[in-house]
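Undergrad: Let me give you the structure first, and then I'll get to my questions.
Bear in mind these aren't lab numbers, they're just calculated from the coordinates by the rules spelled out. It should be emphasised that the depicted structure is a prediction, and the values quoted were computed from it without experimental measurement.
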Amino acid sequence: MDVTPNPPTKRARRKAKATAETEMLQLAAKPRKARARKTRPVMEASSSDSVAVSAPSPDELKGMIATAAYYLAEQRGFSPGHELDDWLEAERRVRAALFD
């Protein structure tokens with residue numbers, strides 16, 4: 001005897017998709033808990049009285065860019081299809097602020 005489950009109806013698929021989208025929006029809207037970060041010395045004192053600022057690590061730089069890209073996406077209402085544009089613009093702004 002061949003027993004196959006009935007495929008879901010169009011209405012059930014639509015409802016499942018809407019539920020998944022709602023869950024994603026709720027997760028994105030939740031404030032994130034602050035995580036403890038590893039501390040690194042940011043400023044180093046030299047023998048003279050001038051102070052040199054060290055560059056962020058690659059992981060810290062990536063985190064800064066990701067945060068900036070999130071805020072750019074938020075400004076345009078999280079409409080899909082502009083993720084790469086947001087990332088590249090965020091990278092440009094972060095690098096300009098740090099290294100120029």
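Undergrad: Stretch D100-F78 to full length: gain in nm at 0.36 nm per residue minus the Cα-Cα span? If you can, show how the numbers build up before the last one.
TA: Details: separation 22, 0.36 × 22 = 7.92 nm, distance 2.93 nm.
Answer, rounded to one decimal: 5.0 nm.
Undergrad: How would the stretch 55-100 be classified by its alpha-carbon gyration tensor: rounded, prolate or oblate, with rounded meaning a/c under 1.5 and the a/b versus b/c comparison settling the rest? Can you show the working numbers first?
TA: Values: a/c = 2.63, a/b = 2.08, b/c = 1.27.
Note, shape of the stretch 55-100 comes out prolate.
Undergrad: Need the full-extension length gain, A66 to S54, defined as separation in residues times 0.36 nm minus the C-alpha distance. One decimal, nm.
TA: Details: separation 12, 0.36 × 12 = 4.32 nm, distance 2.04 nm.
Gain in length upon complete extension: 2.3 nm.
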